[in-house]
Amino acid sequence: MDRFQYLAVMAACVAITLPLEFVLGARVWRRPGRLVRSIAAVAIPFLVWDVIAIARGHWTFSERYTTGWIVAAGVPVEEVTFFAVIPVCALLTLGAVRRMRGEGSR
Amino acid sequence: MPEYTLATLGAMLVAVVVDLRVLRTRLLTQRTFLLSLGIMFFFQIFVDGWLTKLSSPIVIYAAEHASGIRVFFDSPIEDFGFGFALILGVCSVWDALAARDARRGGRP
């Protein structure tokens, strides 16, 4: 199961931040259209960066802790997951803090 | 300057320009956003640390392409600039889309 470790970290990030939506009242998962567009707007340039960084050897991925499934251009599925999950966590955090400070949730 | 360091500074600059000048969401002037950013950085210490810890790294960084400054659980300091750009970027786009929807008379 070691090879699912990177994906497991990403799954944990989704699970741990879920209460921000359903307990603290952030409205991120409930705006799927805006969420997908927001993720795409940052994930695409960051994946381009990732492709270049991987090609130039800035970073590599543990064969033990990743699935080895390459989506395209040397980018592992874990990285694509990262650029979807981390933006969701960021938006949920901002949404929850806004709600708690009485600013509503945009 | 190492390439990852340079790319990180570039990404941070782009994110700041997008927030303040391009989309004009001005998140960097809002205390609520800065508080959120602080919370996210706190959690990044552990999530990023799990990925980068030198005892059993998931992501392995080439020494020649980074500053070599590793913080907390061996995270390259650049990772926090990378996180800053990713967080500020997505929040800025989100708010810009929300503002556009509000102008169209949709949900705020």
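Restricting attention to the stretch A:26-51, the residues that are under 14 Å from the mean Cα position of the chain (by Cα) and among the small types (Gly, Ala, Ser) total 4.
I need the full set of residues from the stretch A:28-68 which are acidic (Asp, Glu) and part of a loop (DSSP other than H, G, I, E, B), in order please. Walk me through it before giving the result.
Pass one, the stretch A:28-68, residues acidic (Asp, Glu): A:50, A:63.
Within the stretch A:28-68, A:63 is the sole residue that qualifies.
Residues in the stretch A:53-72: is at least one closer than 27 Å to residue B:34 by Cα, buried (at least 16 other Cβ atoms within 10 Å of the Cβ) and not charged (D, E, K, R)? Break it down stepwise before answering.
Filtering the stretch A:53-72 down to residues closer than 27 Å to residue B:34 by Cα leaves none.
No: the stretch A:53-72 contains no residue that is closer than 27 Å to residue B:34 by Cα, buried (at least 16 other Cβ atoms within 10 Å of the Cβ) and not charged (D, E, K, R).
Scanning the stretch A:47-72 for residues that are more than 21 Å from residue B:6 (Cβ to Cβ) and small (Gly, Ala, Ser) yields a total of 3.
So which residues in the stretch A:62-87 are at the interface with chain B (Cβ under 10 Å from one of its Cβ atoms) and touching a helix residue (DSSP H, G or I) at 6+ places or on another chain (Cβ under 7 Å)? Answer for the stretch A:62-87, where residues must be at the interface with chain B (Cβ under 10 Å from one of its Cβ atoms) and touching a helix residue (DSSP H, G or I) at 6+ places or on another chain (Cβ under 7 Å): A:64, A:65, A:66, A:78, A:79, A:82, A:83, A:85, A:86, A:87. For the stretch A:36-44, the criterion of a residue being more than 23 Å from residue B:10 (Cα to Cα) and of a type outside the set (D, E, K, R) is satisfied by at least one position. In the set A:95, A:102, A:25, only one residue is more than 8 Å from chain B (Cβ to nearest Cβ), in a loop (DSSP other than H, G, I, E, B) and touching a residue at least 40 places away in the same chain (Cβ under 8 Å); that residue is A:25. Taking the numbered list (1) at pLDDT 95 or above; (2) over 17 Å from the mean Cα position of the chain (by Cα) in turn, residue A:77 passes all entries but (2). Within the stretch B:17-37, being part of a helix (DSSP H, G or I) and either basic (Lys, Arg) or surrounded by fewer than 17 Cβ atoms within 10 Å (Cβ to Cβ) (or both) holds for B:17, B:20, B:21, B:22, B:28, B:29, B:31, B:32, B:34, B:35.
Of all the residues that make up the stretch B:56-108, how many are more than 7 Å from chain A (Cβ to nearest Cβ), hydrophobic (A, V, I, L, M, F, W, C) and not in a helix (DSSP H, G or I)? Final tally of qualifying residues: 6.
The values are calculated or read from the model by the stated rules, or taken from the named source; none is laboratory data. Please read all numbers here as calculations on a predicted model, not as lab measurements. Because the Cβ atoms are built from the backbone with ideal geometry, glycine has one as well, and the counts that use them run over all protein chains shown.
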